[in-house]
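J.: First, the structure itself, so that you have it in front of you.
The values are calculated or read from the model by the stated rules, or taken from the named source; none is laboratory data. Note that this is a predicted model, so its numbers are computed, not measured. With ideal geometry, Cβ positions are generated from the backbone for all residues, glycine too; neighbour counts draw on all protein chains shown. Ligands, DNA and RNA are excluded from the accessible area calculation, which covers all protein heavy atoms including side chains. Shrake-Rupley method; radii C 1.70, N 1.55, O 1.52, S 1.80 Å.
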Amino acid sequence: MKTTPISKIVLEGREFLVKRDDLFDPYLSGNKYRKLHTLLYAPKEKYNKLISYGGTQSNAMLAMAALAQRKGWVFEYYTKTLSKVQKKQGVGNYAKALELGMQHVEIEQELYRDFIASLRVTLEPLSVLVDQGGADTMAREGVAVLAKEIRDANLDFQSIATPSGTGTTALYLALAFPECPVYTTAGIGDKRYLIEQMQALHPLPSNLIILEPSKKYHFAKPYKEYYEIYKFLQKAGVEFDLLYAPLLWKVLLEQTEEKILYIHSGGVSGNESMKLRYKAKFPELFSL
Ligand SMILES: *Cc1c(COP(=O)(O)O)cnc(C)c1O
């Protein structure tokens, strides 16, 4: 098992440490690597099929496609019906996951909920089902491995930060580091939605702190200030994703002062398709 490295970056005169979980694998990266850790190190013979469901640009989908390919398992992925435009897109996580062998099955909108609920019931002994986004109690084991790597490195930091979608990673990190604040932000939905998602897995520990921006941002929408933060971070030496990281970095720079260890959550492979959207919306950002 290899340990991911630590980078130091300086932003506005402050030093941050970054745990480079993005470097594990280009597709099985960041917190998806941690959340799928148990499956990644399971014996190949334990399963022959990985099943999941959700969105078609999801980083979790891509990570599971990469995982199944490594293990020689079939990867079956269910989504709602796609538009022709979505299907034709030659870039992004969907195209890459298909290349890695993903078997994509579309389910009509009206049947989707019931169908997804039935997946667990009809599951065969050699199949494993991972819930949308990898929001699974199985993730706790992989995050515990991450925590051990951090402790073994004897780093100097006061708080930890990582962005949230389902909140699975931030929650299990906070449970693994009860002595230190763990900062996160709600990338999808608002703080209330994030708390609900987390509470479905475990009661919230008091050291888990959900920071809120002064302005509301919608998930997966291009924002000029997100792109500016992305470029600022890239200049400082590390590329982050364009969906989750800019919001957390923004509030960390605005609302905290101490020495922070930031857990890179991966997702850089999605930047290619996101940048096309930024280019279309803010051409001036690309003219220099
Ligand atoms: C999936 C993902 C997240 C959210 O992780 P959760 O454990 O669902 O909160 C954050 N950042 C990136 C880049 C991701 O791909």
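J.: Quick check for you: with a 1.4 Å probe and neighbouring chains kept, what is the accessible area per residue of the chain, in Å²?
T.: Roughly 48 Å² per residue, with all protein chains present.
J.: A further question on this structure: If I take R0 = 45 Å and measure r between the Cβ atoms of ASN154 and LEU129 in this structure, what FRET efficiency does the formula 1/(1 + (r/R0)^6) give, to the nearest 0.05?
T.: 0.70
J.: How do the peptides 188-199, 69-80, 237-248 rank, highest first, by the average count of neighbouring beta carbon atoms within 10 Å per residue? Don't jump to the answer; show the numbers that get you there.
T.: Values: 188-199: 15.2, 69-80: 18.1, 237-248: 22.0.
Going from most to least packed, we get 237-248, 69-80, 188-199.
J.: Still on this structure, I have one more. How large is log10 of I(q)/I(0) for segment 107-170 at q = 0.24 Å⁻¹ when the intensity is taken from the Debye formula with one equal scatterer per alpha-carbon?
T.: Reported log10 I(q)/I(0), two decimals: -1.12.
J.: Report in % the part of the accessible area of segment 129-288 that belongs to carbon and sulfur, leaving out ligands and nucleic acids; probe 1.4 Å.
T.: Values: 3710 of 7190 Å².
Ligands and nucleic acids excluded, carbon and sulfur reach 52 percent.
J.: On a C-alpha basis, how far is the centre of segment 113-179 from the centre of segment 212-288 in Å? Whole number, if you could?
T.: 23
J.: So what's the projected area for segment 1-105, the Cα convex hull averaged over all directions, in nm²?
T.: 8.3
J.: What length, rounded to one decimal in nm, is gained on full extension from GLU272 through to VAL74, with 0.36 nm per residue of separation minus their alpha-carbon distance?
T.: Extra length available between GLU272 and VAL74 comes to 68.6 nm.
J.: Can you give me the Kirkwood hydrodynamic radius for the chain, using every pair of distinct Cα atoms, in Å to one decimal?
T.: That comes to 19.6 Å for the chain.
J.: Sorting check: for 83-93, 143-153, which peptide has the highest mean count of neighbouring beta carbons within 10 Å, and how do the rest follow? Don't skip to the end; give the middle numbers.
T.: Values: 83-93: 12.5, 143-153: 16.5.
Averaged packing, sorted descending, gives the order 143-153, 83-93.
J.: FRET efficiency for LYS46 and SER287, Cβ-Cβ distance as r, R0 = 35 Å, nearest 0.05? Kindly include the intermediate steps, with their values, before the conclusion.
T.: Values: r = 52 Å, r/R0 = 1.50.
After rounding, the FRET efficiency stands at 0.10.
J.: Which entries in LYS2/LYS44; LYS216/LYS281; LYS215/LYS259; LYS80/LYS216; LYS19/LYS216; LYS35/LYS84 show an alpha-carbon gap greater than 21 Å?
T.: From LYS2/LYS44; LYS216/LYS281; LYS215/LYS259; LYS80/LYS216; LYS19/LYS216; LYS35/LYS84, over 21 Å: LYS215/LYS259; LYS80/LYS216; LYS19/LYS216; LYS35/LYS84.
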